[in-house]
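Below: one structure in structure tokens.
The values are calculated or read from the model by the stated rules, or taken from the named source; none is laboratory data. The structure displayed is predicted, hence computed values, not measured ones. Counting neighbours? That spans all protein chains shown, and the Cβs are built from the backbone with ideal geometry, glycine included.
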Amino acid sequence: MPKPQFRSRSYRRIHVKTPSGKSKIHFEKKKNKIAHCSKCGNPLNGVKINKVYLFSLSEKRPERPFGGYLCHKCLEDLIKMSVRGIS
């Protein structure tokens, strides 16, 4: 059984095959990742990734529709399509 600290999901489980042929589980701390646009996949600007400091919700992501979810170009296309009536 793993140590109690490794039982939480804040650690990633990596299955490793050792030279002896046995399969073991290694634990690795999860890393902060850059937020990406859900439509095009480009990195989002203005979204903080640091988990150490406590930020308010308005500081973590932009205060606009789909802020922190879509990039500005995809949002522009979405607004244009909705105004034109194209779904």
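Condition check ((1) over 13 Å from the mean Cα position of the chain (by Cα); (2) at pLDDT below 90; (3) of a type in the set (Phe, Trp, Tyr)) across all residues:
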| site | (1), (2), (3) |
| --- | --- |
| Phe6 | yes, no, yes |
| Cys37 | no, no, no |
| Cys40 | yes, no, no |
| Tyr53 | yes, yes, yes |
| Glu59 | yes, yes, no |
| Ile86 | yes, yes, no |
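Among the residues of the range 60-87, which ones are of a type outside the set (A, V, I, L, M), over 22 Å from Lys30 (Cβ atoms) and touching a Lys or Arg at 6+ places or on another chain (Cβ under 8 Å)?
Matches in the range 60-87: Gly67, Cys71, Cys74.
I've got another one for you. Can you confirm whether the range 37-52 contains a residue that is touching a His at 6+ places or on another chain (Cβ under 7 Å) and assigned to a loop (DSSP other than H, G, I, E, B)?
Yes: one or more hits.
Which is of a type in the set (Val, Ile, Thr) and at pLDDT 90 or above, of Ile49, Ile14?
Selected residue: Ile14, the only one of Ile49, Ile14 that is of a type in the set (Val, Ile, Thr) and at pLDDT 90 or above.
Here's a follow-up. Somewhere in the range 72-81, is a residue assigned to a loop (DSSP other than H, G, I, E, B), touching a Leu at 6+ places or on another chain (Cβ under 8 Å) and not small (Gly, Ala, Ser)?
no
Same structure, new question: Does Lys31 qualify as being in contact (Cβ under 8 Å) with a residue 24 or more places away in the chain and assigned to a loop (DSSP other than H, G, I, E, B)?
No; evaluated as a whole, the condition is false for this residue.
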